[in-house]
């Protein structure tokens, strides 16, 4: 009976998780987090099919004073408890700014999925330099000088404008006849 509880289910779901790390995270911490994710997947009877480091990218908005982050993509097979455990582990790590999990497919046969070792090999990126992390305060506050554009204004004579809206005189003239 204990063997049946440990056996892998034949039908599982496929999930993708993208998590964002601080831009100044060290290579060792990146690898430690990826190893932790791999261990959680194997411990929860899942199967990791892809693990990619997308590198340092611009965030859509500031997250805890960071404008950039290291994006990591993980694709795996398992159940809902696996997703809950992965997100619980990511939530506890200080280097993780954000994460999101999406269910990709339902009812996947676990036995038919083959994983190439190079797809789950994690490669860490170099930490950001202080110059990359420092953004000019003027740009952050929106005070950066933007070159003025030349605006073309239509030529209007003061003599042509009598204070009334265009077409107002024509309407009045048409009603009096």
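The values are calculated or read from the model by the stated rules, or taken from the named source; none is laboratory data. Since the model is a prediction, treat every value here as computed from it, not as a measurement. Neighbour counts are summed over all protein chains in view; Cβ atoms, including those assigned to glycine, are modelled from backbone coordinates with ideal geometry.
Scan the helices (runs of 4 or more DSSP H) fully inside segment 1-103 and keep the ones with 1 or more residues being closer than 28 Å to residue 128 by Cα and in contact (Cβ under 8 Å) with a residue 12 or more places away in the chain.
Where helices (runs of 4 or more DSSP H) fall fully within segment 1-103 and carry at least 1 residues being closer than 28 Å to residue 128 by Cα and in contact (Cβ under 8 Å) with a residue 12 or more places away in the chain, they are 27-43, 80-92.
Considering only residues that are over 13 Å from the mean Cα position of the chain (by Cα) and surrounded by 16 or more Cβ atoms within 10 Å (Cβ to Cβ), which ones fall in segment 61-73?
Across segment 61-73, the qualifying residue is only 66.
So, of the residues in segment 104-121 that are part of a loop (DSSP other than H, G, I, E, B) and closer than 19 Å to residue 55 by Cα, which turns out to be modelled with the highest pLDDT?
121
So is residue 144 part of a loop (DSSP other than H, G, I, E, B), in contact with a strand residue (DSSP E or B) (Cβ under 6 Å, 6 or more places away or on another chain) and at pLDDT below 75 or not?
no
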